[in-house]
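Data first, discussion second: the structure below is written as structure tokens.
The values are calculated or read from the model by the stated rules, or taken from the named source; none is laboratory data. What you see is a predicted model; the values in this text were computed from it and never measured. Cβ sites come from the backbone with ideal geometry, for glycine too, and all protein chains shown count toward neighbours. Remember, those area values only see protein heavy atoms, side chains included, never the ligands or the DNA or RNA. Shrake-Rupley method; radii C 1.70, N 1.55, O 1.52, S 1.80 Å.
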Amino acid sequence: VQGNYGVRDSSPGFAGSFDRITSMVEADGALYFVESWAHVVRSLDLTTGVLTTIAGAAYESGSVDGTGTSARFNNPRYIATDGAYLYISDQMNTAIRKVDLFDNSVTTLVGTPM
């Protein structure tokens with residue numbers, strides 16, 4: 001994937017774009033990462049090269065639990081995984097959030113959604 005500034009998902013053969021990747025982790029053949037300024041969690045399939053936004057909506061901050069792009073983050077900074085879930089430090093919401101890798105649902109583990 002060839003990067004350009006901004007947030008754009010891609011299929012193999014097309015250039016995706018990124019905005020301030022701050023942390024990443026690998027699990028099950030995919031690279032998962034957070035883009036703090038864009039308020040999203042994304043994945044890159046290491047086999048196919050497909051780049052996808054799995055949680056949050058680009059440049060729409062907030063604190064909303066939900067599935068996929070209906071969820072909102074506010075400056076997600078760090079990411080970790082146990083293989084089934086991603087754990088996200090949501091800096092400006094002062095929260096730890098969890099993304100289920102099966103259905104991309106986001107829940108707040110610790111902290112109070114605003």
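Residues in segment 93-108 include none that are touching a strand residue (DSSP E or B) at 6+ places or on another chain (Cβ under 8 Å) and under 15 Å from Ile21 (Cα atoms). Residues that are acidic (Asp, Glu), surrounded by fewer than 16 Cβ atoms within 10 Å (Cβ to Cβ) and assigned to a strand (DSSP E or B) within segment 15-35 comprise just one, Glu26.
Of the strands (runs of 3 or more DSSP E) lying entirely inside segment 36-97, those containing at least 3 residues that are open to solvent by less than 30 Å² (accessible area, probe 1.4 Å) are 40-45, 51-55, 85-90.
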